[in-house]
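Have a look at the structure below, then the notes.
The values are calculated or read from the model by the stated rules, or taken from the named source; none is laboratory data. As the structure is a computational prediction, the values presented were derived from the model and not from experiment. Every residue, glycine as well, gets a Cβ built from its backbone with ideal geometry; the counts of neighbours run over all protein chains shown.
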Amino acid sequence: MTASQSLFLLAFLFGSITDAVWLALRFPRFGPQTMKSAGIAFFSGAALMAILAPLIGAAGDIPLPAAGFLAAFGVGFLGFVYFFLTGLWFVRVMVGAVGGLMR
């Protein structure tokens, strides 16, 4: 992996994390409220990433000039945003559960 690929990957992940944090802060009431639903959302995000990884890799075989670009940004970026957002939701529910125990 060259330096430009590494920087692109860092910028890609930083952008998706930034979008996930913005969504979590902008819409604080949106998302799961219970431990069970937060766990389901988090593991569905992880499963989505596991399913999307080979599909994005296979997009390079499609004979369209921008197939890789569309796969990376049209599918991969949104998948990473959802994955990080579900992680934030899970942490929010966990903090709420621990905070309720400490009262």
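Values for this structure:
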{"item": "Unmet criterion (only one of (1) within 16 Å of residue 87 (Cβ to Cβ); (2) polar (S, T, N, Q); (3) in contact (Cβ under 8 Å) with a residue 24 or more places away in the chain) for residue 18", "result": "(3)"}
{"item": "Filtered residues of the range 24-44 (kept if small (Gly, Ala, Ser) and assigned to a helix (DSSP H, G or I))", "result": "24, 37, 38, 39, 41, 44"}
{"item": "Residue check for residue 93: of a type in the set (Val, Ile, Thr), out of contact with any His (no Cβ under 9 Å at 6 or more places or on another chain), surrounded by 15 or more Cβ atoms within 10 Å (Cβ to Cβ) and in a helix (DSSP H, G or I)", "result": "yes"}
{"item": "The range 1-15: number of residues that are of a type in the set (A, V, I, L, M) and over 16 Å from residue 81 (Cα atoms)", "result": "3"}
{"item": "Matching residues in the range 54-66 - criterion: being surrounded by 12 or more Cβ atoms within 10 Å (Cβ to Cβ) and either of a type in the set (Asp, Glu) or over 17 Å from residue 8 (Cβ atoms) (or both)", "result": "55, 62"}
{"item": "Per-region count, the range 1-25, residues loosely packed, with under 10 Cβ neighbours inside 10 Å and either basic (Lys, Arg) or modelled with pLDDT under 90 (or both)", "result": "5"}
{"item": "Sole residue being among the small types (Gly, Ala, Ser), free of Cβ contacts under 8 Å to residues at least 40 places away in the same chain and within 14 Å of residue 86 (Cβ to Cβ), chosen from 24, 41, 50", "result": "50"}
{"item": "Verdict on residue 40 being among the β-branched types (Val, Ile, Thr), surrounded by fewer than 16 Cβ atoms within 10 Å (Cβ to Cβ) and under 30 Å from residue 98 (Cβ atoms)", "result": "yes"}
{"item": "Hits in the range 67-87 (condition: surrounded by fewer than 19 Cβ atoms within 10 Å (Cβ to Cβ), modelled with pLDDT of 75 or more and among the aliphatic types (A, V, I, L, M))", "result": "70, 72, 75, 78"}
